[in-house]
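Take a look at the structure below.
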Amino acid sequence: MISQLYNTAWATFSDPITILLLGPKGLPLIGNLHQWPTVKPWLVIDEWHKKYKSDIISVNLAGIQVVILGSMKRATDLHEKRSALYANRPHMTALVEIMNFEDCIFAFHQYGPQWRQHRKLFNDHFQAHVIPKYHPSMVREAHILAQQVLRAPEKILKHLRHVYPAILMDITYGVRIAPDDDYFVSLAEEAMSGLNISTINGTSFLDIFSVLKYIPSWMPGAGFKRAAEHARNVNIAAAMEPWEAAKKVLSPDSVIAKLLDQTGDDVLSRNTAAAAYLAGSDTSVSTAHTLVLALAMHPEVQRKAQSELDKVVGVNRLPTFEDRDQLPYLSAILKEAARWQTVAPFGNSRRSIADDVYEGYFIPKGTIVSINMWSIHHDPENFPNPFAFDPDRFMKDGKLNPDVLDPTIVGFGLGRRVCPGRFFSNDGLYITFAILLSLFDFAPPLDADGRPIALKAEMTTGIISQCTPYKCRITPRSANVEKLLSDLDV
């Protein structure tokens, strides 16, 4: 605490050449802590970018210096081109020291040999050229999803919550989970919900006032400590229980079996697998919920995608991965969903390993450098009319336009810590929505008088931002849908 206050005083009163001057003016000792938004901080920070006419701003949170990058140029310059300097994670008292996330998800490791070891193992099984091995599992679970939607369309959000964890449980652990079995799905969800304790991308109040970690959990007012300790128990269960289930069958094709063969190390294999299971489904589920909402809100987009599907696939079979290159508009929809309501709007924090000077700004060692992905995805220079849902922005002459910034790439981060699960996520979303759009129409719900109820996109606050629950109408596109689904061997 004393060192943090000293750092704040130094940042406040020292030679201004040593700090970034652009950003809201703070107070002595607490800096900008009183100004930091706790609800959807990316929106307030986007306004700060505009107010100060700068795509790079700085705030001080009671001694923790945070630099925020609001353009693709700034993000690329620091996180990509200088990735060696910005390869560390912020120190996270709540997530790492109390909640045990570092063991469950290696992305929270500091840059070094342990992180590189986990990262290499993960990449061995989730690189782009490896993912096609998992396509049969993705297709099967997408078929099961379609059957579930036909039986209970009103539960679409629940069905989508299940499909991606089911794929990951199958390929990672060799364990199939039934559509009505929510145990492992709920376990992963509860574990990942603990991430939202970290309200600023690696800086929660426990990180700012780390002395609070020593407060006994039984003390009045220590509810935060009890919540964090409960999250720790959930995280341990989320890493251990799928592992125990996998050991009972140990499918030779599973990632966990291959990890054990590679390493001979139970703990290393278990924790690498847990990262896939826990972190791999969260962003996919959130994007899927956004996609259904967008389709229900924009029937013209839906019809255009279905016309493309009907032309390429026809009506007597379901889409496959082999159809993908002939479905550019569907790919454009996936890109637009990733951009329109950004799943990780402020989820890309790094910590500088050493002092750096960037375009005249001095960035001290230990500074948190975050990307405001919301600002990048809603920059009118990159995306004209940015608040409209418009997949055509990614199209040119009937093909995908490679000159347009791709949110399905940049949204997963940059540099050495780019998300290694991005290829799995993109392929899983493709096959899911190719099949759903070929079979079903999506529309707003109706009121008691049969009139459509207007839908609105509302997102939650968190490292992973999700649509708030909504309802929509889902109907089969033709009488042939039931036969197509009943003939499937799943």
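Below, the figures for the structure above:
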| read-out | value |
| --- | --- |
| Stokes-Einstein diffusion coefficient of segment 81-153, Kirkwood radius over Cα pairs, 10 °C, 1.306 mPa s, in µm²/s | 102 µm²/s |
| Ranking of 172, 320, 367 by count of other Cβ atoms within 10 Å, fewest first | 320, 367, 172 |
| Relative contact order (%) - criterion: Cα under 8 Å, at least six apart; region: segment 2-486 | 23 percent |
| Loop chymotrypsin sites (Phe, Trp or Tyr not before Pro), segment 46-94 (other Cβ atoms within 10 Å of the site Cβ: 16 or fewer; DSSP) | 52 |
| Modelled FRET efficiency - R0 30 Å, residue 80 with residue 50, Cβ distances, 0.05 increments | 0.80 |
| Relative exposure of 53, 304, judged by other C-beta atoms within 10 Å (fewest first) | 53, 304 |
| Segment 80-208: relative contact order in percent, alpha carbon pairs under 8 Å with at least 6 residues between | 31 percent |
| Trypsin sites (Lys or Arg not before Pro) within segment 317-384, DSSP loop, no more than 15 other Cβ atoms inside 10 Å | 317, 365 |
| Angle between the chain longest axis and helix 156-168 axis [Cα atoms, degrees, rounded to 10] | 80 degrees |
| Relative contact order %, segment 325-410, counting alpha carbon pairs below 8 Å whose residues are six or more apart | 38 percent |
| Segment 106-203: trypsin sites (Lys or Arg not before Pro) in DSSP coil with no more than 16 other Cβ atoms inside 10 Å | 176 |
| Cα convex hull volume per residue for the chain (Å³) | 162 Å³ |
| Per-residue Cβ neighbour rank within 10 angstrom, fewest leading, 219, 99, 169 | 219, 169, 99 |
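None of the figures in this text is laboratory data; all of them are computed from the coordinates on show. Keep in mind it's a predicted model, so treat the numbers as computed, not measured. No Cβ is skipped: glycine too gets one built from the backbone with ideal geometry, and neighbour counts run over all protein chains shown.
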